[in-house]
1. Under a 5 Å amide H to amide H cut-off, with H placed in plane at 1.01 Å, what residues pair with residue 101 once short-range neighbours are removed?
2. Relative contact order, percent, of the chain when contacts are C-alpha pairs under 8 Å separated by at least 6 residues?
3. Among all the lysines, which ones have a C-alpha under 18 Å from residue 46's C-alpha, if same-chain residues fewer than 8 places away are not counted?
4. Give me the angle, in degrees from 0 to 90, between the Cα long axis of helix 65-75 and the longest principal axis of the Cα atoms of the chain, rounded to the nearest 10.
5. For the Cα atoms of the chain, what angle does the longest principal axis make with the long axis of helix 32-43, in degrees from 0 to 90, nearest 10?
6. What ³J(HN,Hα) values, in whole Hz, does the Karplus curve 6.51 cos²θ - 1.76 cosθ + 1.60 give for segment 80-94 when θ = phi - 60°, with x put for Gly and Pro?
7. Sort 88, 62, 98 by Cβ crowding within 10 Å, fewest neighbours at the top.
8. Just want the ordering: 46, 73, from fewest to most Cβ atoms lying within 10 Å of their own Cβ.
Amino acid sequence: MQHEAYRFIANSDVMTQHITIIVSGKVQGVFFRAATKEKADELGVKGFVRNEPNGSVFIEAEAEENVLYKFVKWCNSGPPRAQVQHVEVIPGEVAGLENFFVKR
């Protein structure tokens, strides 16, 4: 799970990477999306975050591998009121995203 996500990121030779992150647990109604945007802006991650009907949070993220490592690590805890139970990271194709935003 989280260790596999880190292994994926660390093994890539590509500078900019694209990953999908699915965070589950108590992650809605705790300002997870707003905090994710704040962390993404701080780190320079491009992409978006949205709530899913099943209660999880869905994130598309692009950045250099060391930045994504820090971002995924943050996603494992999230903001103070969140109770993260699982983080899944799925590699994807770089799409050239230009900013980070919250989808409603």
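Any read-out appearing in this document is the output of simple, stated calculations on the displayed coordinates, not a laboratory observation. Bear in mind that the values here come from a model prediction, so they are computed numbers and not experimental data. All Cβ positions, even for glycine, are placed from backbone atoms using ideal geometry, and neighbour counts span all protein chains on display.
1. When sequence neighbours closer than 5 places are left aside, the close amide H contacts are 47, 48, 49.
2. Values: 222 pairs, mean separation 45.8, N = 104.
Over the chain, the number comes to 44 percent.
3. Reachable lysines: 37, 70, 73, 103.
4. Once rounded, one gets 10 degrees.
5. On a 0 to 90 degree scale, this one is about 30.
6. x, 7, 6, 10, 6, 9, 7, 10, 10, 10, 10, x, x, 8, 4
7. Values: 88 15, 62 23, 98 9.
Ascending Cβ contact count within 10 Å gives the list 98, 88, 62.
8. On the way: 46 21, 73 14.
Taking fewest neighbouring Cβ atoms as first place, the list is 73, 46.
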